[in-house]
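Working notes, structure below.
The numbers here are math on the coordinates, done by the rules we state, and not lab data. Every value quoted in this text rests on a predicted model; they were computed, and no experiment measured them. Because the Cβ atoms are built from the backbone with ideal geometry, glycine has one as well, and the counts that use them run over all protein chains shown.
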Protein chains: 2
Amino acid sequence: MPERDSTRRVTLDDVAQRAGVHKATVSRALDPATAGLISDETVRRVREAASELGYVPNIVARGLRKKASMTVGVVIPDLTNPFFPPIVRGIEDHLQPRGYTALIANTDGDDAVEEAQFTTLLGRRVDGLIVATGRHGDQPVLERAHEAGVRAVMLNRDAGSLPYPLVTGDDATGITAAVEHLHGLGHRDVVHIAGPLDLSTSIVRADAFRIAIAAHEGMRGSVVEASALTVSAGRESMEAVLADGSPTAVVASNDLIALGVLRALRAHGLTCPGDVSVVGFNDMPFAEDVQPPLTTVHVPTTEMGAEAARMLLRQIDGERQDHARVVLPVSLVVRGSTGPAPR
Amino acid sequence: MPERDSTRRVTLDDVAQRAGVHKATVSRALDPATAGLISDETVRRVREAASELGYVPNIVARGLRKKASMTVGVVIPDLTNPFFPPIVRGIEDHLQPRGYTALIANTDGDDAVEEAQFTTLLGRRVDGLIVATGRHGDQPVLERAHEAGVRAVMLNRDAGSLPYPLVTGDDATGITAAVEHLHGLGHRDVVHIAGPLDLSTSIVRADAFRIAIAAHEGMRGSVVEASALTVSAGRESMEAVLADGSPTAVVASNDLIALGVLRALRAHGLTCPGDVSVVGFNDMPFAEDVQPPLTTVHVPTTEMGAEAARMLLRQIDGERQDHARVVLPVSLVVRGSTGPAPR
DNA sequence: TTGAAAGCGGTACCAT
DNA sequence: ATGGTACCGCTTTCAA
């Protein structure tokens, strides 16, 4: 049972006293990098004392002294969006072995929230940032970060004019593959439901869509902008599309929008892929279990997170990589939501 | 552009110098609780200097002095399991306004990993723990935490003999409702695919299943233990069940297992709910979009997280709540995966 | 090889 | 109302 005040923890001094040496000696003995300076016998005694007392070094105090909090801020729109958990795990699993801990900040796509979250992260003196919420126009938070000299890596959305490196999936190729696939199935009239067009990914995907359509004689494509990358926004957009004549296929900017499209189709008594084929983007978890199994562009989310973590660690280690871009390959996964064009 | 060393940040002393006062005065002026001690004029000057310099207090340094890291460890099996993101957001959204940050630790159900994660959290001197990985037998980590005097709240799985409070859904009622529902549809032969029976939730649900079955004349139920709460484990268990005669309905211990059951049915050319009805548990995100839309027990995950955060904060504020239990109501959501018993 | 002391960026107590 | 100072737990010179 705990004899002392419940919040009192073992410190270096406690260990030092027990081992009969100075706390500086304990510090050296316990750090593999400096243990060589200390006599074997002392190291042994210190280790013993430390383990007897259950000593766990205070990372916070160490960080204060070393000017390294050993934390990394991860800024995302919403952890509840199934796209992000795999990314976060990719990040965490790569940070962990190096002693870094991720601080997750959800912004809900709200600038004011993002500002507040960023201030919190600054207050915690994060050693770096992984940002997955970049907008295309003003990015006040990113600029603040840059001015404050905070290292950062962008994930999936670019940093505008800022020199932060970027990790992304090969969006253009993915969209192109989707359009090719639909073309091969005989579709000639297809709609792209884009995400908000102030997001760099949405823009890239919409542009790729237009180019891919233009590359095919006789294909017609139009772009509709959804108000958000959500199921409900996708559904609303699709309702609008259905209101003035139905296309034979839809390419959605992400899987959530695709789910919204599927719901809208169902509500209108239309079948997928019988009446309308649907292609998603991201291959989110359980995309294969939906109704019908979603044809979508697989994005290596965990690897994206891992790569972002790697790049950030390199930056922290002093490597410069201004404007670096890592583009990860994507692949079309054909499942049940696409089929031959009707009639 | 940053003139100084990129990692140099503004400190209290910088602000003090600029405002022409002592740093202790700045500290007081900036803390609403003590600003009253300082003359209005000084407070004004200090605030001005702080904002001109873009001063952001170092929470880490403050924490060292105040012996409060303002962090909370959240220990979960896997963020990638769709059950957890809503919980985590419920926690974070409640911690945020009080200035606490959540540190997420994934254990992947591995004791060694859990130990390591716990040590990291101890090293970061978390002010409390929310633990969603409790096993039923030995819980070495929890015991270490208890001995170290760490406050904690259990989420969804109990703490054994330890006095930590628990937040959970009303599992027994949920399972009972599922069985009633199936009974009403004419099912008489139903299998429960339980999670690993060293998890307290699995035990509670399996027990409730047996009791509910026994309450209905002429109903037969058997319990099969899955090796994990995953899709693949669910599928394997269902394969085994199908190997020796098929029930008309399955109650799964969670939605992932239910998805595995659906996959197994599909693989065997059986239809749901035509041949076999399936009930899940948790109502995870997009459960309504799967094939077929999943009948499942809705659990208020976000509220569970929020409640756990609340209870932890109360504990941090000094309130005792040993062995407290908060049981949140659940409700059966009937969708497409259940139907009348065949023949 | 080890000890002493300063300092990281704050807070809080004691003076004035 | 404000300044001075010690201290939180650790690392890192500088001495011995």
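Odds and ends about this structure:
- Compactness of the range A:171-299, taken as the C-alpha radius of gyration over 2.2 N^0.38 Å, stands at 0.92.
- Percentage, to the nearest whole number, of Cα pairs in the range B:12-57 over 11 Å apart: 57 percent
- Average other protein chain Cβ within 10 Å of Cβ, residues A:55-61: 6
- Relative contact order (%) - criterion: Cα under 8 Å, at least six apart; region: the range B:65-208: 21 percent
- Set of aspartates and glutamates with alpha-carbon distance to A:LYS23 below 19 Å, sequence-local pairs under 8 removed: A:ASP13, A:ASP14, A:ASP31, A:ASP40, A:GLU41, A:GLU48, A:GLU52
- Burial order of peptide ranges A:208-215, B:269-276 (average beta-carbon count within 10 Å, highest first): A:208-215, B:269-276
- Between 0 and 90°, nearest 10: helix A:231-243 axis offset from chain A longest Cα axis: 10 degrees
- Applying 1/(1 + (r/R0)^6) with R0 = 22 Å to the Cβ-Cβ distance of B:VAL334 and B:ALA215 gives a FRET efficiency near 0.65.
- Semi-axes of the equivalent ellipsoid for chain A, Cα gyration tensor, largest first, Å: 51, 20, 17
- Looking at chain A, the DSSP beta bridges with both ends there are about 10 percent antiparallel.
- Cross-link partners for A:LYS66 among the aspartates and glutamates, with Cα-Cα distance under 12 Å and sequence neighbours closer than 8 places in the same chain left out: A:ASP127.
- The mean sequence separation of alpha-carbon pairs under 8 Å and at least six residues apart, normalised by the residue count of the range B:27-83, gives a relative contact order of 18 percent.
- Between 0 and 90 degrees, the angle of helix A:171-184 with respect to the longest Cα principal axis of chain A falls at about 30 degrees.
- Extending 7 Å from Cα along the Cβ direction at B:SER222 and again at A:ALA112 yields two label points whose distance is 6.0 nm.
- Of A:GLY174, A:GLY195, A:GLY184, the one that fluctuates the most in a GNM where chain A has Cα springs shorter than 10 Å: A:GLY184
- Taking amide H positions as modeled 1.01 Å from N, with prolines and chain starts lacking one, the residues under 5 Å from B:THR71 and 5 or more places away or on another chain are B:THR101, B:ASP127.
- Geometric descriptor of the range B:213-272, per residue, is 88 Å³ (volume of the convex hull of the Cα atoms).
- Placing pseudo-labels 7 Å out from each Cα toward the beta carbon at B:ALA33 and B:ALA61 gives an inter-label distance of 1.9 nm.
- Per-residue mean of C-beta atoms belonging to partner chains within 10 Å, peptide B:94-101: 2
- For the range A:1-151, the spread of Cα coordinates along the three principal axes comes to 61, 36, 26 Å, biggest extent given first.
- Going by neighbour counts of Cβ atoms within 10 Å, the residues B:LYS67, A:LYS23 line up, fewest first, as B:LYS67, A:LYS23.
- For the pair the range A:82-109 / the range B:249-264, the C-alpha centres are spaced 29 Å from each other.
- Average beta-carbon neighbours from other chains, 10 Å sphere, peptide A:284-294: 5
- Only helical runs count toward this figure. For chain A, summing -39,500 (n - 2.57) over DSSP H runs of n ≥ 4 and dividing by all residues gives -13000 deg cm²/dmol at 222 nm.
- B:ARG266 versus B:VAL326: modelled label distance in nm, points set 7 Å from Cα along the beta carbon direction: 3.8 nm
- Cα gyration tensor category, rounded, prolate or oblate, for the protein assembly as shown with a/c compared to 1.5: oblate
- Volume of the convex hull of the range B:82-144 (Cα atoms only), normalised per residue: 90 Å³.
- Cα-based helix-to-principal-axis angle, A:111-123 vs chain A, degrees rounded to 10: 20 degrees
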